[in-house]
Each structure stands twice: as C-alpha cells, then as structure tokens.
Amino acid sequence: ELLPNTRLLVTFADTKRNAVCAYGAARRLVEHSFGGAGISGAVGAYVSDASIEAAKVTSLTHVPQISYASTSAALSSGFDYFLRTVPSDAFQAVAVAVLIKNLFGATRVATLSSTGSFGASLFTNFQQTAVSIGLTLVASESFADHAPDLSTPIEVIRRSHSRYIVLFCQSFDVHRVYDA
C-alpha cells in the first residue's frame, strides 16, 4: 500500500569496510546495475571512509545515499545526496563530554583513541568540548587501528588514576583494549 504500482528491484555490492572497494562498488552499482539502468538509491556503507568514497560517486550522479552507521562530520557538507540516520561524530562527542560532566559529575577524564579517522575525529571533537565545559584531560593516548601491542597507551591511562576513561575506536579494537 505504501508504493502502489511500484516494482522494487534490489542489488548489492560489498564495500568490505574499505574506501577503495566502496568507490568501485558504487561505480558498478550506478553504471552497470539492471542492464545499465543503474540504481535509484543506495543504502550504506557502514563505515564513514567507505561512505565518503561511495558518496563521491552517488553525489555526482544525483543518486541518494542513506547510511545507517556512518558518523564522520566530513559527510555533513559537500555531499548533497547523502543522508545519515545517526548523529555525526561532532554531535556524539559533545554529548559524551556533557554526559560525563553533568550526569556523572566528573571533572577529570582520560581518553584512549585510535588514530584512524573514526577515533581521531571523535577525540578531536570531544577534546574541544571537554576543555570548553571545564573537564580536565589527565591523560590522552592513541593507538593505530589493529595495533598489535596496546601495553604502552594502556599503562599511561592506568597511571593517570582517572575514574573516567573514554574510548574512541572501531568495534574491532574495543575487545582488545578491554583485554589489555
């Protein structure tokens, strides 16, 4: 009843959470799907770097793209055909800083972030907000995505004796940080 007399066709491509793969996948979908007719809209990608590359293709071809998980603030401008269903990193980082200060009453906090675009972006936005609302960052350490050894940044965080530790990284690193 929502779309009477409308036939929906579905196709897909795997971005592999990778920017290069996402660009190629978007091009194939836009140019070659359905016998060359292309697509009318795209859903995805999951990670921001992949969504940015796909948006370069979909925006040029005026194909709407909706991401259910990409949070990079870089997607907020320059991509007229991009829409997200989650808040950008900029808003999430502000919310975390305000929550820690106002809900928990924290004044001192430590941060641990990945150096990838997701972790770095969140940390930068968090740091700016934290300073502006009076939170003191007693330790701020970073590590590369998939880093084999997290002992040094973890030890710095431990020595800070901070009751509040904010972690900014991809899900694949969260378990490794907890284990360390």
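The label point for residue 77 and the one for residue 16, both projected 7 Å from the Cα toward the Cβ, are 3.3 nm apart.
Of the trypsin sites (Lys or Arg not before Pro) found in region 1-81, those in coil by DSSP whose Cβ has at most 10 other Cβ atoms within 10 Å are 7. In this structure the amide hydrogen of residue 72, modeled in the peptide plane, comes within under 5 Å of the amide hydrogens of 48, 89, none closer than 5 places in sequence on its chain. Centroid-to-centroid, using Cα positions, region 85-125 and region 144-180 are 15 Å apart. Just checking the listed ones, 136, 71, 11: in the Gaussian network model of the chain with Cα springs under 10 Å, the one fluctuating most is 11. Heavy atoms of the protein chains alone define the surface here; on that basis the chain has 59 Å² accessible area per residue at 1.4 Å probe size.
Rounded to the nearest Hz, the phi-derived 3J(HN,Hα) couplings of region 84-97 under the Karplus curve 6.51 cos²θ - 1.76 cosθ + 1.60 (θ = phi - 60°) are 10, 9, 10, x, 6, 3, 4, 6, 5, 5, 4, 4, 5, 4, where x marks glycine and proline.
If you fit an axis through the alpha-carbon atoms of helix 19-36 and take the longest principal axis of the Cα set of the chain, what angle between them do you get, 0 to 90°, nearest 10? For helix 19-36, the angle is close to 20 degrees.
Each residue of region 1-96 gets 108 Å³ once the volume of the Cα convex hull is shared out per residue. Computed on region 108-180, the Cα convex hull volume stands at 70 Å³ per residue. Each residue of region 136-148 was assigned a 3J(HN,Hα) from its phi angle through the Karplus expression (A = 6.51, B = -1.76, C = 1.60, θ = phi - 60°), giving 9, 8, 7, 7, 9, 10, 9, 8, 6, 3, 6, 4, x Hz with x at Gly and Pro. Compute, for residue 179, the solvent-accessible surface of its heavy atoms (probe 1.4 Å) with the complete set of protein chains present, and express it in square angstrom to the nearest 10. Here the accessible area works out near 140 Å².
How much of the pair distance distribution for region 7-62 lies past 19 Å, counting alpha-carbon pairs only, in percent?
19
Taking the convex hull of the alpha carbon positions in region 58-136 and averaging its projected area over all directions gives 5.9 nm².
With the simple model of a label 7 Å out from the Cα in the direction of the Cβ, residue 124 to residue 107 spans 3.1 nm. Annotation: amide H-H contacts under 5 Å for residue 140 (H modelled 1.01 Å from N, sequence separation of 5 or more, or interchain): 111.
Binning the alpha carbon pair distances of the chain at 10 angstrom intervals from zero yields the distribution 9, 31, 27, 18, 11, 4, 0, expressed in whole percent.
The long axis of helix 117-132 is offset from the longest Cα principal axis of the chain by roughly 50 degrees.
The values are calculated or read from the model by the stated rules, or taken from the named source; none is laboratory data. Everything numeric in this text was worked out from a predicted model, so none of it was measured. Methodologically, a virtual Cβ is constructed for each residue, glycine included, from the backbone with ideal geometry; neighbour enumeration extends over all protein chains shown. Areas reflect the complete protein model, heavy atoms only, side chains present, ligands, DNA and RNA absent. Shrake-Rupley method; radii C 1.70, N 1.55, O 1.52, S 1.80 Å.
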